[in-house]
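Visitor: Pasting a structure here, questions to come.
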Amino acid sequence: MITRIPIPEPIKNLVSRSIDKVSQEIAGNERLRWLLCLSGLVLYLALLLYASGLSDDAQRSLELSQSQFARIKVQTEDTQWPERAAEAEQLVADLEKRLWPGETPGLAEAGFERWIRRTFEEYGVQVRQVQLTRGPALEDRGDFTTTNLPSIQRIRAKIISPLNEPALVNFLNDSANHQAWVVVEQLIVRPGRNARLEMDLATLFKTPEQNQ
C-alpha cells in the first residue's frame, strides 16, 4: 500500500517562487545561459566517453568468450579421447614397471642397498658406507594435487667408497641401464693419497597401499 503525503502550501509557494526567480535570472543573464550550456555539453561528452568505455570492455569480453568457445568446440569434436586415455594408461603402466621393486618400503631399501654394494664388489671395490633415507618423491613441489603422487617415494642412498675410476665408470653404466630408475643426484671425487668418492643415488618406489 502506497501512502501519499500532501505537500504543504507554504512549501509549494516557496518552490514556485524559487523556480520563477531562477528563470528570470537565466533569462536576463546571457553569461549564465552560456555557462549552463557549456556545463550540459561537458556532461553529455562525459556520458558518451563512459558509454564508449563500457562498449570497448564488452567487445573485448565478447571476443574472449568467442575464442574460448571455439577452443572448447574443437576439443569436444575430437573423437580420439578414448584412444588417448588408453595410451595414457599404458604409459603409466610402463612407467610403474621402472619403479624399484619391493613388497614393503623396508624391503625396497634393503634391496637398493644390496644392489649398490654387490655392483661395486663385482668391480673390485668395497663400499665403506651406504646411508639410506626415504621421503615423498615430490617433497619440494607442493603445487601437485594428483592423488596418486603421495604414494611415490624417493629412496636416497649416500655412498662413500674408495675411488676406483674403472669401477666407477662401470657402476654408472650399470645404473643407467638398470631396469628401474637409478639417478645420480650428486657425485664428488676427493683426490689425494686416500682418494675417495661420495655419491648420492636415488630411485623411486611405490608404497604398497596404492599397489593393492
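The values are calculated or read from the model by the stated rules, or taken from the named source; none is laboratory data. Keep in mind it's a predicted model, so treat the numbers as computed, not measured. Quick reminder, even Gly has a Cβ in these numbers, built from the backbone with ideal geometry, and neighbours come from all protein chains shown.
Visitor: Enumerate the pairs (first residue in region 96-121 and in contact (Cβ under 8 Å) with a residue 12 or more places away in the chain; second residue anywhere and acidic (D, E) and part of a helix (DSSP H, G or I)) with beta-carbon separation below 6 Å, excluding pairs fewer than 6 apart on the same chain, so at least 6 apart or on different chains.
Guide: Hits for this filter: T119/D174.
Visitor: Turning to a different aspect of this structure: Looking at region 184-201, which of its residues are in a loop (DSSP other than H, G, I, E, B) and either at positive phi or in contact (Cβ under 8 Å) with a residue 24 or more places away in the chain (or both)?
Guide: The first filter runs over region 184-201 and keeps only residues in a loop (DSSP other than H, G, I, E, B), leaving 191-195.
P191, G192, N194, A195, listed by residue number.
Visitor: So, I160, is that one assigned by TED's automatic domain parsing to the domain that holds L201, modelled with pLDDT under 90 and aliphatic (A, V, I, L, M) or not? Spell out the reasoning first.
Guide: Working: assigned by TED's automatic domain parsing to the domain that holds L201: yes; modelled with pLDDT under 90: no; aliphatic (A, V, I, L, M): yes.
No; evaluated as a whole, the condition is false for this residue.
Visitor: Further question on the same structure: Have a look at G102, G135, G111, G106 and point out the one that is modelled with pLDDT of 70 or more, part of a loop (DSSP other than H, G, I, E, B) and assigned by TED's automatic domain parsing to the domain that holds W181. Don't jump to the end; show me each part of the working.
Guide: Working: G135 fails: part of a loop (DSSP other than H, G, I, E, B); G111 fails: part of a loop (DSSP other than H, G, I, E, B); G106 fails: part of a loop (DSSP other than H, G, I, E, B).
Result of the check over G102, G135, G111, G106: G102.
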